[in-house]
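Here is the structure we will look at.
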């Protein structure tokens, strides 16, 4: 089943590249190679911050993985997000973490917590960025200020714990129903997510920088990317938010740089993110091969957070 699922993941990634390559290639022709390389590097830095956020969420649930094992588990598991349905990445990470003796339900709880922190911090960071982008944005999107404040309140660890327990009741998962969130690691996870959004914003700002002269537009672009990512995430049936993310970016930037240019840069951005995901996943896969770990033969969930 693992081999079959890996084939599905690779097929979905290949389908995306083949289906959009003509448009991506045309957009890439407008950019200097150094700009694209910088965008990919910034995307990879953001993905590394996301991994550190996930690792902090694991610690918040009292399940600790070494840094190398965390990187391999997170990077390889994240490729499953290109299969329609956000749940696949969670299942893949839970399966990989079981190789290190971590209960699958605990890993799933940590992955869900990291997703929740990513969404809330994305709304918060994106909202603050849009409010700083200029007075016109503030007048048009005034509702972002109270929404950002609500997101900041929702990131309070005891409230996150309540949300996870409610999710456990809905999903009928004991590991979530009785979860106890340690505040310090969860706050660290929020901080890593904030850095992740800054890196992702830089990656998109680099792509549109040759098209604009106003620094405020670059701040607008970076903030809009956070909102676009959140929009793509909440529409779970789209693989990695395909379509929704581009639509939000075109809506936010079409009036500034033109709809064709906004769509082209959105497509290049997705290609840069995909390339970053594949590169770090390749490193993670080599790490798994080097460790030579195999899934635990016994039920890790029944044995507690460490599966021992």
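Each reported figure results from applying straightforward, stated rules to the coordinates on display, with no laboratory input. None of the values given here were measured: they were computed from a predicted structure. Quick reminder, even Gly has a Cβ in these numbers, built from the backbone with ideal geometry, and neighbours come from all protein chains shown.
For the stretch 20-116, the spread of Cα coordinates along the three principal axes comes to 48, 26, 23 Å, biggest extent given first. Stretched out straight at 0.36 nm per residue, the stretch from residue 177 to residue 18 would grow longer than its current Cα-Cα span by 53.0 nm. With the largest listed first and rounded to whole Å, the semi-axes of the equivalent ellipsoid of the stretch 188-288 from the Cα gyration tensor are 24, 16, 14. Based on the Cβ-Cβ distance of residue 67 and residue 213, what FRET efficiency does E = 1/(1 + (r/R0)^6) give at R0 = 35 Å, to the nearest 0.05? E between residue 67 and residue 213, to the nearest 0.05, is 0.25.
In a fully extended conformation the segment linking residue 275 and residue 26 would gain 87.9 nm over its present Cα-Cα distance, using 0.36 nm per residue.
Summarising the label geometry, the points placed 7 Å from Cα in the beta-carbon direction at residue 156 and residue 11 lie 4.8 nm from one another. By the beta-carbon count within 10 Å of each Cβ, the least crowded to most crowded order of 178, 246, fewest first, is 178, 246.
Peptides 157-169, 257-269 ranked from most to least packed, by the mean per-residue count of other Cβ atoms within 10 Å: 257-269, 157-169.
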